[in-house]
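Here the structure comes first, spelled out in structure tokens, and everything after it is commentary.
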Amino acid sequence: MKGKILSLIIVAILAFSALMPTLAAFTSGVTPAGADYVIVKSFEGAYDDYYSDEQYNYRILGTPDGPLRARATLRIGFTEYGEFATPEYAGIAYGADETEWANTESWASEEIDPKYWIQGWLIWFNYTRAGVHRELLAYAIYSDLATAEAGRKVYSKFVGQDWTEAVEGTLIPSGIKVLYESPRLFVGRLKVIVHDGYYDEDVLAVIFTIIYNKVKKYAIVLKDVKILLDPKVLDFVSDLVFTERYELDLARKINTDNDAFIHYYEDFASTVYKYPILGWNKYDLVVAYNDGDDATEYAQYVFFAAYWPNATEYSVYSDELVPNFAAGKDGVLAWGTAVADIPKPPTGPGEPSTPWVVVQWHFNNTISPDMMVHLKNVRHVRFVEVIGMTDRAETPLMTQDADDTGTDEPGDEVRFLVNNEVFNPEDLNSIRSAVAYNGRPFMWLALGQSAATTDSGGGALVTEWLSWFAFVLFDKEDLLFPWIAPVVTMKSSIPYGLHEFDGDYLDDLKRTALKKFAFDIYDDDYESPPQPIAGGWSYYNNYWYPSMNPLNGRLDSTLSLAPYTDPHNPEGIMSIAGVKANWITRYFNDFSVVITREGTDYYALVDGGTISGSAPTSDPDLPTLDFFPLTCYRVDLDTFGYKEGYAVISLVRDINGTRGLLIYGWDGRDTFWAAAWASLYVSGAFVPSWLPAGTVALVLKIEYNDNMEPIGFTVVEALGTITELEITSVPAGTAYYTDVWWFSKLPTDSTAKIHWDP
């Protein structure tokens with residue numbers, strides 16, 4: 001009997017330990033004032049994912065000989081109120097280990113008294129409620145310059161009253177949901193209800209979604225604002241103001257003077273993403289770096305933040321940072337405020353100095369009447385912030401500030417990360433262009449070596465139409481097929497794409513990593529180049545191959561151009577089938593805006609400083625949970641039910657620049673027909689352009705008849721890096737296209753649109 005009990009205990013421990021990684025991968029706790037918080041960071045540079053400085057520099061600068069660091073990443077911390085500051089001295093920091101993160105912490109430095117930490121948001125709502133004109137002001141900025149965590153307030157009043165006469169309300173947080181946590185990707189969500197104390201009712205909800213790929217140098221923060229008042233009560237919206245605000249103590253532990261150079265780039269660049277209702281297509285950028293010219297000569301770091309849509313007002317030196325009603329400061333910038341640099345004397349200290357940043361969006365009937373109608377009827381808007389840090393490196397376009405060098409320049413790396421990866425990304429249209437003009441078809445077709453033959457069938461369809469040059473690449477080296485008796489050992493030249501490693505990434509979280517080369521052993525002949533995957537130095541160290549354009553981009557050991565004579569210029573991997581069947585899909589999953597989640601719970605909740613539930617993750621030992629669209633506007637949902645009969649088509653790049661096209665369904669049937677659909681509708685060889693610019697992923701719904709033959713396809717989600725996109729119609733195709741006999745099995749429509757929260 002004791003043996004049975006002991007066995008049960010061991011089984012229970014093992015079952016629990018399978019869930020432990022998702023509980024331990026992020027740090028959580030509760031502040032002295034009772035607010036929940038989460039801290040997320042990478043693994044201190046100790047991992048080996050074959051992300052190399054050479055690859056990273058080549059991707060951004062066009063040469064591997066550069067100063068950029070691939071493996072230095074962010075540490076971010078935030079509270080359930082949406083403030084990026086925590087009592088463990090973590091808000092935003094950059095580096096490769098704990099020491100560097102402590103040195104570069106810029107929102108919650110241990111060198112600054114927490115009562116001076118200002119980081120958060122403010123909202124002003126001017127509206128008519130049941131015939132009565134009201135104003136509401138709410139903010140969460142961590143502290144108020146007098147007391148730590150005292151900067152969380154709600155006030156409401158009648159129009160015409162002074163704010164000193166206002167009635168206090170309440171901010172009601174609901175904890176932090178961790179929607180996904182894997183070795184590379186963290187997705188968290190928080191919701192704060194703004195409660196009016198005068199009418200004792202909920203007026204607004206502020207919902208943040210934090211998307212942080214832990215091998216990158218930026219995080220995307222989606223900030224959704226919802227009006228909660230009953231439409232019967234809400235008569236009219238006069239003004240909605242939403243602001244982001246913070247004091248920037250840039251790398252304070254080493255920057256003891258607390259100095260920084262800063263510049264705000266208004267309408268920095270256009271983006272493919274038009275802001276809903278208004279159609280605005282610009283984003284703003286603010287860039288700062290610490291002054292390194294003192295007696296100790298310390299390192300310089302760059303802070304950057306991009307904002308979509310472009311702000312209506314902004315200031316990098318605002319006396320409205322903290323509301324002070326007695327001084328007549330309500331925190332709202334005046335119309336037209338545009339302070340791009342810290343003013344010089346006599347109106348300001350000049351640069352370098354300490355930035356006090358306010359970024360504001362002000363909608364009203366004067367400049368945005370259509371938005372006010374939208375707010376009255378739909379009652380949901382989104383604002384986006386992209387926050388990051390990196391090194392101040394001597395690249396061709398080095399980060400500069402006019403007050404320091406005479407020139408304002410964000411820098412090569414900042415430009416690339418913000419513009420090329422977020423606001424104007426490579427999208428699914430690039431595949432169509434590559435096929436139509438024979439530009440850059442894919443080098444590899446990735447399959448699961450032990451997967452079902454239905455996946456191989458889908459791969460055959462895709463290869464025929466998308467990239468007829470692709471060579472088969474299996475995910476990993478299976479040493480045996482267990483269903484064959486006697487066991488047959490797989491010792492051959494069959495290429496596989498995943499690096500051999502002995503198991504775990506951190507606390508048993510499963511990881512994958514791309515190999516540098518598929519055929520190391522054949523890399524001894526100039527005329528027979530190796531087959532690079534993640535890129536790197538060749539087997540005999542004679543040639544260096546970038547993961548982008550790995551044949552024509554080859555360099556010799558002196559890093560001089562040494563291209564292979566074959567003009568073919570393939571790039572990247574088409575990966576067919578889902579994360580269970582194909583581990584290369586598992587690798588690329590964490591770089592996508594539609595992810596496969598594995599686990600048993602839809603989220604882990606941080607509430608009261610403790611964690612309940614288990615965060616969905618990427619772990620082959622756990623069941624597949626769902627397909628989850630990260631940038632969807634339905635932020636009230638913890639799952640979308642995208643399972644049986646659904647498929648994902650997604651284009652991604654890792655930080656080395658390796659391109660991945662993922663095509664997979666819930667099961668083998670869904671994968672097969674999704675591949676058939678993608679081979680015709682996505683390739684573009686015989687179909688007009690129809691995808692909106694910036695579409696990086698699609699969710700496809702497949703309807704089957706009783707015989708399980710497809711009878712209809714619907715594009716239910718078209719997703720960009722920061723927003724949803726609308727698809728009103730799907731083209732029918734040209735005559736050649738429709739002559740394909742199985743075209744009749746692929747009738748398609750679309751309901752892809754912005755799914756506003758109800």
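The values are calculated or read from the model by the stated rules, or taken from the named source; none is laboratory data. Owing to the predicted nature of the structure, the values given are computational and were not obtained by experimental measurement. Note that each Cβ is placed from the backbone with ideal geometry, even for glycine, and that neighbours are counted across all protein chains shown. Accessible surface areas use protein heavy atoms only, side chains included; no ligands, DNA or RNA. Shrake-Rupley method; radii C 1.70, N 1.55, O 1.52, S 1.80 Å.
I'm trying to understand the selection: among the residues of the range 354-367, which are within 32 Å of the chain's Cα centre (by Cα) and open to solvent by 20 Å² or more (accessible area, probe 1.4 Å)?
T354, W356, I367 - these are the residues of the range 354-367 that are within 32 Å of the chain's Cα centre (by Cα) and open to solvent by 20 Å² or more (accessible area, probe 1.4 Å).
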Could you count how many residues in the range 369-387 are part of a loop (DSSP other than H, G, I, E, B) and not basic (K, R)? 1
Of all the residues that make up the range 453-475, how many are open to solvent by 60 Å² or more (accessible area, probe 1.4 Å), outside any helix (DSSP H, G or I) and either in contact with a Lys or Arg (Cβ under 8 Å, 6 or more places away or on another chain) or at pLDDT 85 or above (or both)? 1
Which of the residues that make up the range 606-639 are closer than 21 Å to K701 by Cβ and outside any loop (DSSP other than H, G, I, E, B)? T624, L625, D626, F627, F628, P629
Hey, among the residues in the range 335-345 that are over 28 Å from the mean Cα position of the chain (by Cα) and in contact (Cβ under 8 Å) with a residue 24 or more places away in the chain, which one's least open to solvent (accessible area, probe 1.4 Å)? I342
Exception for T390 within (1) open to solvent by 30 Å² or more (accessible area, probe 1.4 Å); (2) part of a strand (DSSP E or B); (3) of a type in the set (S, T, Y) falls at (1)
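Here is a check on your reading of the model: is L637 under 20 Å from the mean Cα position of the chain (by Cα), closer than 16 Å to R586 by Cα and not polar (S, T, N, Q)? Spell out the reasoning first.
On the way: under 20 Å from the mean Cα position of the chain (by Cα): yes; closer than 16 Å to R586 by Cα: no; not polar (S, T, N, Q): yes.
So L637 fails the test.
Give the residues of the range 60-86 that are under 30 Å from K223 (Cα atoms) and open to solvent by 40 Å² or more (accessible area, probe 1.4 Å), sorted by residue number. Steps first, answer last, please.
So in the range 60-86, the residues under 30 Å from K223 (Cα atoms) come out as 60, 69-86.
R69, R71 - these are the residues of the range 60-86 that are under 30 Å from K223 (Cα atoms) and open to solvent by 40 Å² or more (accessible area, probe 1.4 Å).
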For the subset of the range 222-268 comprising residues that are aliphatic (A, V, I, L, M) and over 26 Å from N377 (Cβ atoms), which member is farthest from the chain's Cα centre (by Cα)? I254
Out of the strands (runs of 3 or more DSSP E) lying entirely within the range 640-758, which hold 1 or more residues that are at pLDDT 90 or above and surrounded by 22 or more Cβ atoms within 10 Å (Cβ to Cβ)? 646-653, 659-665, 697-704, 710-719
